[in-house]
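Bear in mind these aren't lab numbers, they're just calculated from the coordinates by the rules spelled out. Since the model is a prediction, treat every value here as computed from it, not as a measurement. Don't worry about glycine lacking a Cβ; one is built from the backbone with ideal geometry, like all the others, and counts go over all protein chains shown.
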Amino acid sequence: MTEGARHMVVGRFRRPHGLKGECTIFPLTDDPERVFRVGRELQVVDLAGEATGGALTIERSRPYHREWLLKFAGLDHRDGLEAFRSGFLAVPASEATPLADDEVYLHELDGFAVRLEDGTPVGLVSGHYEMPNGLVIEVQGPKREFLLPYRKEFVRQVDRAARRLVIAPPDGLLDG
């Protein structure tokens, strides 16, 4: 991230679409209609979260299968979009939708304490992985690590302020 400016990534450039400056964006937000609205300025950032140029203003926007087609002001040909192919789109963190009480940003999960519903500590979150069936968290326990699907049936409570997850693991996961 750039010094002094925090951004939240909201989309990933996929590829140019057609010949007139549209590109496909894979949304990394649960509210793409709000984030990808016409007139919105988005910052291009690289994999390290560093800004790679000026802001882009959305001129046209529409859903396209699981992605979004965006046209940016001043970029009227597909050639101008090739440089963004491995980049991401971000908004200032101050513009991000406030989280609900039981929500957490993925980058905050590392280091969360993990406890059972009866209060028994079982470990700390040491990583998270995007799998085909959804998010999985890695928990380092006192004797071993384990992977837990991040689903409501297993993650019962999220306390962002206390950096704690309360879980109900599947039978046998903590055995052995």
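Structure notes:
- Qualifying GluC sites (Glu not before Pro) in region 1-57, DSSP loop, other Cβ atoms within 10 Å at most 14: Glu3, Glu50
- When all alpha carbon pairs of region 75-176 are counted in 10 Å bins from zero, the resulting P(r) reads 13, 39, 24, 13, 8, 3, 0 %.
- J(HN,Hα) series, region 24-41, from Karplus relation 6.51 cos²θ - 1.76 cosθ + 1.60, nearest Hz, glycine and proline x: 8, 10, 8, x, 10, 9, 8, 9, x, 4, 6, 6, 9, 7, 4, x, 6, 9
- Positive-end residue, the chain charge dipole about Cα centroid, Cβ charges, pick of Phe26, Ala162, His65: His65
- Low-density loop positions, GluC sites (Glu not before Pro), region 67-176 - DSSP coil, at most 14 other Cβ in 10 Å: Glu103, Glu117, Glu153
- Once you reduce region 134-150 and region 35-79 to the center of their Cα atoms, the two points are 35 Å from each other.
- Candidate cross-link partners of Lys143 among the aspartates and glutamates, defined by an alpha-carbon separation under 13 Å and a same-chain spacing of 8 or more, comprise Asp175.
- The calculated P(r) of region 1-134, using every Cα pair and 10 Å bins from 0, goes 11, 37, 30, 14, 6, 2 in percent.
- Loop trypsin sites (Lys or Arg not before Pro), region 80-176 (other Cβ atoms within 10 Å of the site Cβ: 14 or fewer; DSSP): Arg85, Lys143, Arg144, Arg151, Lys152
- Taking amide H as placed 1.01 Å from N in the peptide plane, the amide H of Gly87 sits under 5 Å from that of Phe13, each at least 5 places away or on another chain.
- Among His107, His17, the ranking by other beta carbons within 10 Å of each residue's beta carbon, starting with the fewest, stands as His107, His17.
- Among His77, Leu116, Pro142 - extreme Cα towards positive end, dipole of the chain, charges at beta-carbon: His77
- Report summary: the helix-based calculation at 222 nm, which adds -39500 (n - 2.57) for every DSSP H run with n ≥ 4 and divides by the residues of the chain, gives -500 deg cm²/dmol.
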